[in-house]
Each structure stands twice: as structure tokens, then as C-alpha cells.
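Visitor: Take this structure, written in C-alpha cells, and hold onto it; I'll ask about it next.
The values are calculated or read from the model by the stated rules, or taken from the named source; none is laboratory data. This one's a predicted model, so the numbers in the text were calculated from it and none came from an experiment. Cβ coordinates were reconstructed from backbone atoms using ideal geometry, including for glycine residues, and neighbour counts include every protein chain displayed. We work out accessible area using only protein heavy atoms, side chains counted, and drop any ligands, DNA or RNA first. Shrake-Rupley method; radii C 1.70, N 1.55, O 1.52, S 1.80 Å.
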Amino acid sequence: MEIPLLKVGDILTLKKSHPCGCDKFEILRLGSDIKIKCTSCAKALDIPREKLEKRIKFIN
């Protein structure tokens, strides 16, 4: 499996959408936990890198 190259500012389309209905998230911070922000409601989430990498559908 290929490891995705992630950068701060990338917009991710995830397989699972946020409760607000949007499936696009912006990367705010990288590390073992990645901080992402919903592009619709601006709610920020911390998610473990492994879990996020499995949920990525597309990187814009």
C-alpha cells in the first residue's frame, strides 16, 4: 500500500462525511495525530495518522 504524501493546507476528500454533511477537510497540523478542519462548518478534529490514511479517498 502506498503511503500518501500529506502537507499542511491540502484539502482531503474522505470516505466518511462529517455530521454536517461535508466530506472535504483541510489539514491544519501534521504529526502522529493530524488536525483537520471541516471546510463547511470549520469544526477542527484531531485524528490519528493511521486512521486518517485509511479514510482518505482523494487528495486535492
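Visitor: What's the extension gain from Lys15 to Glu53 if we count 0.36 nm per residue and subtract their Cα-Cα distance?
Guide: 12.6 nm
Visitor: From the P(r) of the chain, could you give the percentage of C-alpha pairs in the tail past 18 Å? All intermediate terms of the calculation are to be shown ahead of the outcome.
Guide: On the way: 378 of 1770 pairs.
Percent of Cα pairs beyond 18 Å in the chain: 21.
Visitor: Taking only DSSP H segments of four or more residues, each worth -39500 (n - 2.57), what value at 222 nm results for the chain once the sum is divided by all its residues, to the nearest 500 deg cm²/dmol? Present the calculation step by step, with values, prior to reporting the outcome.
Guide: Numbers: 1 runs with 7 residues, N = 60.
It lands at -3000 deg cm²/dmol.
Visitor: Tabulate in residue order the Karplus-calculated ³J(HN,Hα) for the stretch 39-47, using 6.51 cos²θ - 1.76 cosθ + 1.60 with θ = phi - 60°, rounded to whole Hz; enter x for Gly and Pro.
Guide: Per residue, the Karplus-derived 3J(HN,Hα) values read 6, 8, 9, 6, 6, 9, 10, 9, 9 Hz.
Visitor: Related question: At 1.4 Å probe size, with every protein chain present, just tell me what the per residue accessible area of the chain comes to in Å².
Guide: Values: 4090 Å² over 60 residues.
I get 68 Å² per residue for the chain.
Visitor: What is the spin-label model distance, in nm, from Ser32 to Ala44 if the labels are put 7 Å beyond Cα along the C-beta direction?
Guide: Spacing of the two 7 Å Cα→Cβ label points: 2.0 nm.
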